[in-house]
There are 2 protein chains.
Amino acid sequence: MGSSPTMNDVAREAGVALRTVSRYVNGATNIDSELAERIRVAINSLGYRRNLAAASIRPGWDSKVLGLIIGDLSNPYYTALTRAIEHEASERGYLLITASSEEDGTRHDKLVDRLAEQRVDGLIIVPPHRPARGWADVAGTLPPIVFLDRPVSGVQADSVLSDDIGGAREAVQALITSGSRSVAFVGDSLSIYTLEQRMLGYENALHDTGHMVRAELVCTDAHTEAQAREAVARLMADTDTDAIFGANNRATIGALWAFRDAGQRLPLIGFDDFDLAQLMQPEVSVVSQDVEQMGTLAASLLIDRLNGTGSAQRDYVLPTTLHLRGSEQRVN
Amino acid sequence: MGSSPTMNDVAREAGVALRTVSRYVNGATNIDSELAERIRVAINSLGYRRNLAAASIRPGWDSKVLGLIIGDLSNPYYTALTRAIEHEASERGYLLITASSEEDGTRHDKLVDRLAEQRVDGLIIVPPHRPARGWADVAGTLPPIVFLDRPVSGVQADSVLSDDIGGAREAVQALITSGSRSVAFVGDSLSIYTLEQRMLGYENALHDTGHMVRAELVCTDAHTEAQAREAVARLMADTDTDAIFGANNRATIGALWAFRDAGQRLPLIGFDDFDLAQLMQPEVSVVSQDVEQMGTLAASLLIDRLNGTGSAQRDYVLPTTLHLRGSEQRVN
DNA sequence: CTGAAAGCGCTTACAG
DNA sequence: CTGAAAGCGCTTACAG
């Protein structure tokens, strides 16, 4: 390292008072031009850089750093969210610390603590589905929070969500409209808020169209792509499943694998778009979330609140969009 | 906000000296157990959290925050890199600030400045291919750096690279071995280090097998997937191209699109693996970089250096792996 | 417009 | 083992 030059060093070098350097560095306009020049030269020759970390400990100054806790960067859904958040934050002068909880409650809590201790100005959080401790215990000690993807009750915070119920219902209805009668639900644990909601949408669609929810067509333990692949294989072999609703990305991709394994496909609609969906044969139909808007909105709500221009706290539920591309159709 | 409680508040509440609280918080073992208990109670009742930002301005203390500047989080290659870096950093107690330069030199320089002013302990940087200013101008004012994906000359820093030349050569040789004679190069600008290297590998492979480099088979202005798609379409229409080397992800996907548009495919090998490569028909052959190891190594080198356990500065060039999955074969 | 001084929340020799 | 004091790099009333 070799300790870097301080504002004090610059003041000495330029032969002015510390305060004058501070004003110069902070962009004050009314500075004697000769002094300003001496300061400029001193800064350059010393290679001085202001220390924002030090500046931010002063009362009323904030760090202009936001924290983001997501599940896992390997999930393209979270990646897209992160990108939008980072973009909006950067646009508005904030840096972003990104951390992955890996859906582990304890790890998540540690990250929250660390970020709070780091004195980030605000937090955007995708809460883990099995929290290790209650939010109420720590809420008072945390900076402003916006929850993303999943809401948290009992905490003062905005939430930005998608219409999981509506999206799932629409997808399942589309499958039924295309002629399927035994639509299977393939997804992860219902203890995950979004999956629970999508299950509700699935049930709604069945009820609306006069169908029963049949337990043997419901798989809620496909945590990975590989498990979804197996689950779909089993559904195809053991039941009269005639269409698949992939309740998340991994489920959908798993189904595509199972189709390839079986050498035959079933009508399919997935929740969440993915990169090459349109390059598949047939193109994969999906319900897509407006991920970019979700991220932008979350960052923007948080920053508005930090600036005191936020409105009353509420949940924002963004609509989803059904993209019918072909894979929903029956095979004959 | 409402200013949060400080160590001073805790000391007063517990009826001990500030220093004792500091020692408690920093995990000193030898503290009178009765005092420790009083401090514990005071911390809980006040909802005190240590202020790491304040602590880190003291001499010899560092922030335990690293900065990462990449091109763009929408590129899965950078995402994978980021994930590995974040994982290693987290594993070793560091937080990670991630920022996107969007390949813009000026924006990149601003991020470097901001991160330096934020006093991150170290920086991992994918340098933009057209830097707006020279590294020499600022090198002295920056924390330790590890360059990733592309090297930078004239700066004291480690670099973590892939064997772009070797990987490209191997890919092109494989296409030739499969019977292709007019292998086209489709990629982005050669002012990007990795693309320049891959072009070298392409040329090497041609020379090694007694072929000439033919200008009409070389496309180096496919900056986007869409442009690559058009470029491949043109190659198929206007030249005798009988195989495509996709010099990056976007080029490869663009080629797949062009194949679908044309209703026929050419032998293809791409540089960089992608998520659904094996779900395509035929499965897409690629040269893959060991992205996870690159990220882990970069973070690990940086942290070792911060801890004073780093070795002499050098470039690390990681080998690539050719995955032949079928798409390299000729169509008949 | 500029200087000398106080203070942000914290850690660390220095005495006891 | 613990207390009162100095100081990290910075900003900001307070005087001039």
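The values are calculated or read from the model by the stated rules, or taken from the named source; none is laboratory data. Note that this is a predicted model, so its numbers are computed, not measured. Reconstructed Cβ throughout: ideal geometry from the backbone, glycine too, with neighbour counts over all protein chains shown. For accessibility, only protein heavy atoms count, side chains too; no ligands or nucleic acids. Shrake-Rupley method; radii C 1.70, N 1.55, O 1.52, S 1.80 Å.
Rank B:Ser178, A:Ser182 by accessible area, highest first, at a 1.4 Å probe radius? If you can, show how the numbers build up before the last one.
Working: B:Ser178 40, A:Ser182 10 Å².
So the residues, ranked largest to smallest area, are B:Ser178, A:Ser182.
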Q: Determine the shielding of peptide A:111-123 by partner chains: average, over its residues, the number of Cβ atoms on other chains within 10 angstrom of each Cβ.
A: 3
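If you keep only loop residues by DSSP, which chymotrypsin sites (Phe, Trp or Tyr not before Pro) in the range B:52-102 have at most 14 other Cβ atoms within 10 Å of their Cβ? Don't jump to the answer; show the numbers that get you there.
Working: sites: B:Trp61, B:Tyr77, B:Tyr78, B:Tyr94; in loops: B:Trp61, B:Tyr94.
Counting only loop positions with at most 14 other Cβ atoms within 10 Å, the chymotrypsin sites (Phe, Trp or Tyr not before Pro) in the range B:52-102 are B:Trp61.
Residue by residue through A:252-262, how many Cβ atoms from other chains fall within 10 Å of the Cβ on average?
Numbers: counts 0, 3, 0, 0, 2, 3, 0, 1, 4, 0, 0.
Mean shielding by partner chains, rounded to a whole number: 1.
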Q | the range B:7-50, accessible surface, carbon-and-sulfur percent (1.4 angstrom probe) | A | 46
Q. How are the Cα pair distances of the range A:87-201 distributed, in percent, across 10 Å bins from 0?
A. 12, 37, 27, 16, 7, 1
Q) When ligands, DNA and RNA are left out and all protein chains stay put, how many square angstrom of accessible area per residue does chain B have with a 1.4 Å probe? A) 43
Q) How big is the antiparallel share of DSSP beta bridges in the protein assembly as shown, given as a percent to the nearest 5? A) 10
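Listed highest first by mean packing, meaning other Cβ atoms within 10 Å per residue, what order do B:29-38, B:313-322 come in?
On the way: B:29-38: 12.0, B:313-322: 14.3.
For the peptides B:29-38, B:313-322, the packing ranking is B:313-322, B:29-38.
Quick check on chain B: helices-only [θ] at 222 nm, where DSSP H runs of length 4 and up contribute -39,500 (n - 2.57) each and the sum goes over total residues. Nearest 500, please. Show your work: numbers first, answer last.
Values: 11 runs with 137 residues, N = 332.
The helix-only estimate for chain B comes to -13000 deg cm²/dmol at 222 nm.
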(Q) List, shortest first and in nm to one decimal, how far the label point of A:Val152 (7 Å from Cα along Cα→Cβ) is from its counterparts in the other copies. (A) 3.7
Q: Once you have the Cα-Cα distance between A:Arg214 and A:Ser45, take 0.36 nm times their residue separation minus that, and quote the gain in nm to one decimal.
A: 53.3 nm
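Based on the alpha-carbon gyration tensor of the range B:7-50, what equivalent-ellipsoid semi-axes (square roots of 5 times the eigenvalues) come out, in whole Å, largest first?
Working: eigenvalues 39, 22, 18 Å².
Gyration-tensor ellipsoid for the range B:7-50: 14, 10, 9 Å.
If R₀ is 41 angstrom, what is the calculated FRET efficiency for the pair A:Asp315 and B:Asn26, using the beta carbon separation as r and rounding to 0.05? Don't skip to the answer; put the middle values down first.
Numbers: r = 40 Å, r/R0 = 0.98.
Computed FRET efficiency for A:Asp315 and B:Asn26 comes out at 0.55.
Other chains' Cβ within 10 Å of A:83-90 residues: what's the mean?
Details: counts 8, 2, 1, 5, 5, 0, 1, 7.
Per residue, the number of nearby Cβ atoms from other chains is 4 on average.
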Q) Which cross-chain or sequence-distant (5 or more) residues have an amide H under 5 Å from the amide H of B:Leu268, H modelled 1.01 Å from N in plane? A) B:Ile244, B:Glu328, B:Gln329
**Q.** Using alpha-carbon coordinates, inclination of helix B:193-208 to the longest axis of chain B, degrees
**A.** 30
Q.
Please enumerate, by chain and number, the lysines with C-alpha under 30 Å from the C-alpha of A:Lys110, excluding those fewer than 8 residues away in the same chain.
A. A:Lys64, B:Lys64
Q: Run the numbers on chain B and let me know its relative contact order in percent, using alpha-carbon pairs under 8 Å that are six or more apart.
A: 16
Q.
For chain A, take N as its residue count and report Rg(C-alpha) divided by 2.2 N^0.38 Å.
A. 1.30
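Can you tell me, using C-alpha contacts under 8 Å and at least 6 residues apart, the relative contact order of the range A:164-289 as a whole percent? Show your work: numbers first, answer last.
Details: 240 pairs, mean separation 34.6, N = 126.
With pairs under 8 Å counted, the relative contact order is 27 percent.
At 1.4 Å probe size, with the rest of the protein present, what percent of the exposed accessible area of the range A:148-209 is carbon and sulfur atoms? Each step should come with its number before you reach the end.
Numbers: 870 of 2050 Å².
Result for the range A:148-209: 42 percent of the exposed heavy-atom area is carbon or sulfur.
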Q.
Please list, ordered by chain and number, the residues whose modelled amide H lies under 5 Å from the amide H of B:His323; skip anything fewer than 5 residues away on the same chain.
A. B:Val286, B:Val287, B:Ser288
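Before anything else, pin down the relative contact order of the range A:219-332: Cα pairs under 8 Å, at least 6 apart, normalised by residue count, whole percent. Mind showing how you got there, number by number?
Values: 157 pairs, mean separation 27.3, N = 114.
Averaging sequence separation for qualifying contacts and normalising by length gives 24 percent for the range A:219-332.
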Q) So what does the Cα-only Debye profile of the range B:1-93 read at q = 0.14 Å⁻¹, as log10 I(q)/I(0), no solvent term? A) -0.68
Q) Ignoring ligands, DNA and RNA, what percent of the accessible area of the range A:229-332 is carbon or sulfur (1.4 Å)? A) 43
**Q.** Test item: Cα-centred dipole of the range B:164-289, Lys/Arg +1 and Asp/Glu -1 on Cβ, debye
**A.** 200
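Within 10 Å of each candidate Cβ there may be at most 13 other Cβ atoms; applying that plus a DSSP loop requirement, which trypsin sites (Lys or Arg not before Pro) in the range B:109-218 survive?
Working: sites: B:Lys110, B:Arg114, B:Arg119, B:Arg133, B:Arg169, B:Arg181, B:Arg198, B:Arg214; in loops: B:Arg119, B:Arg133, B:Arg181, B:Arg214.
Of the trypsin sites (Lys or Arg not before Pro), the ones in loops of the range B:109-218 whose Cβ has at most 13 other Cβ atoms within 10 Å are B:Arg133, B:Arg181.
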Q: Per residue of the range B:86-102, in order, report the coupling 6.51 cos²θ - 1.76 cosθ + 1.60 (Karplus, θ = phi - 60°) as ³J(HN,Hα) in whole Hz, putting x for Gly and Pro.
A: 4, 5, 5, 4, 4, 3, 9, x, 9, 8, 10, 8, 10, 9, 9, 8, 6
(Q) Taking a point 7 Å out from Cα toward Cβ as the label site, list the nm distances between B:Thr29 and the same residue in every other copy, smallest first. (A) 6.1
Q: Go through B:Leu95, B:Leu200 and list them by solvent-accessible area, largest first, probe radius 1.4 Å.
A: B:Leu200, B:Leu95
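At 1.567 mPa s and 4 °C, plugging the Kirkwood radius over alpha-carbon pairs of the range A:164-289 into Stokes-Einstein gives what diffusion coefficient in µm²/s?
Values: Rh = 13.8 Å.
The estimated diffusion coefficient comes to 94 µm²/s.
What total accessible area, in Å², is buried where chains A and B meet, using a 1.4 Å probe and rounding to the nearest 100?
On the way: alone 16760 and 16770 Å², together 28450 Å².
When A and B are taken together, about 5100 Å² of accessible area is lost.
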Q: Report, for A:Gln281, each distance to the same residue's label point in the other copies, shortest first and in nm; define the point 7 Å along Cα→Cβ.
A: 0.5
Q) Hey, can you list the residues from the range A:44-72 whose accessible area shrinks by 50 Å² or more with all protein chains present, relative to the chain by itself (probe 1.4 Å, no ligands or nucleic acids)? A) A:Arg49, A:Leu52, A:Ala53, A:Ile57
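Tell me which GluC sites (Glu not before Pro) from the range B:170-242 have a DSSP coil assignment and no more than 12 other beta carbons within 10 Å of their own. Show your work: numbers first, answer last.
Details: sites: B:Glu170, B:Glu196, B:Glu203, B:Glu216, B:Glu225, B:Glu230; in loops: none.
Sites meeting the loop and neighbour criteria: none at all.
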Q: Please report the base-10 log of the normalised intensity I(q)/I(0) for the protein assembly as shown, using a Debye sum with one equal scatterer per alpha carbon and no solvent, at each q in 0.05 (1/Å).
A: -0.28
